[in-house]
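Report on the structure given below.
Each value in this text was obtained by applying a stated rule to the coordinates, not by laboratory testing. In this text, all values refer to a predicted model and were calculated from it rather than measured experimentally. Cβ coordinates were reconstructed from backbone atoms using ideal geometry, including for glycine residues, and neighbour counts include every protein chain displayed.
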Amino acid sequence: QRVMQLYEHLESFFPEMGIVLDCCTKPSHDLGRSDYFDTMFSDMLKYLVDHGIKNILTACPSCFAVFNNYADGLITQSVYDILAKEEWQIPRGISLSPVTTQDSCVARLEKNMQDSVRKLILAQGISFEEMKHHGKKTLCCGEGGGAHFVAPEWAGQWGEIRRNEGQGRRIITYCAGCANFLGKIGPTAHLLDLIFDPVATLSGKAKVARSPMTYINRLLLKRRFRKKQKYASSRERNSVENT
């Protein structure tokens, strides 16, 4: 739902905008599957370039990192930098309880993105407080690089530190992985939920999707986009086996 709302919101500024519902393959990159990553990402990049794409907008910090580092010739921007330039009207019925934020570890050096996120939070008319570890000193939620699979004890320790630093405040994050993992240790919401439904988000009614609903939601989202409009160019990409 939020992806569709974000798309339609940005479409009013970029009427010829398309959408990629494919994986940037960062998990494979982080796990050292370099050949697979190179094959999959280069295939995606070639398709975009061949169809005249010059600008990439990402809502996911991991996708931003991959395109920013590997998509030579394309301009990569965070949607939060774009949204932060708008004038947002403070909604009614907002909770006065302060919130905090979790900076994605992959965006620890993206100062512009971090500043835009905080501007968007404050635009909702709520109080904001930093956790001890934020910005370039942020902590991984435990999901990054598959840490929860290869070193679950470390991932658990990071989550416990976040629980203590959060001090019961609602954590607003702009990473779906962080929203999922930190949602297990305290009240957590994604920034897009806060932007498009602030009252429900701050009252705890905007729930973070978890497996298997995350996969079902992806299929439903693809179906909604297919019904939404006819695109000038589209494709279904087949998976490439890593041999």
Within segment 96-231, how many Lys pairs sit with Cα atoms under 18 Å apart, leaving out pairs fewer than 8 places apart on the same chain? 8
I want the local charge near Q5. Using Cβ-Cβ distances under 13 Å, sum +1 for each Lys or Arg and -1 for each Asp or Glu among the other residues. -1
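Please report, in debye to the nearest 20, how large the charge dipole of the chain is about its Cα centre when each Lys and Arg carries +1 at its beta carbon and each Asp and Glu carries -1 there. Don't skip to the answer; put the middle values down first.
On the way: 32 positive and 26 negative charges, 158 e Å.
Using Cβ point charges on Lys, Arg, Asp and Glu, the chain gives about 760 debye.
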Contour minus Cα-Cα span, V20 to S34, at 0.36 nm per residue, comes to 2.9 nm
Explain nothing, just compute: Karplus ³J(HN,Hα) = 6.51 cos²θ - 1.76 cosθ + 1.60, θ = phi - 60°, for every residue of segment 193-204 in order, whole Hz, x for Gly and Pro. 4, 5, 5, 9, 8, x, 5, 5, 5, 6, 9, x
For A59, other-chain or 5+-apart residues with amide H closer than 5 Å (H placed, Pro excluded) are V79
Contour minus Cα-Cα distance for S42 and E8 (0.36 nm per residue): 9.4 nm
How much net charge surrounds T100 when only other residues with a Cβ under 13 Å from its Cβ are counted (Lys, Arg +1; Asp, Glu -1)? +2
Label-to-label distance, nm, for residues given as L74 and F149 (7 Å Cα→Cβ offset): 2.4 nm
Can you list the GluC sites (Glu not before Pro) in segment 90-181 that are in a DSSP coil and have 14 or fewer other beta carbons within 10 angstrom? E129, E130
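Once you have the Cα-Cα distance between N112 and V199, take 0.36 nm times their residue separation minus that, and quote the gain in nm to one decimal.
Here the answer is 28.7 nm.
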Rounded to the nearest 500, the 222 nm mean residue ellipticity computed for the chain from DSSP H runs (n ≥ 4, each -39500 (n - 2.57)) alone is -13000 deg cm²/dmol
Would you pull out the residues with amide H under 5 Å of V99's amide H, same chain only if 5 or more places away, H placed 1.01 Å from N? S127, F128, E129
Cα extents of segment 75-225 along the three principal axes, largest first (Å): 44, 41, 36
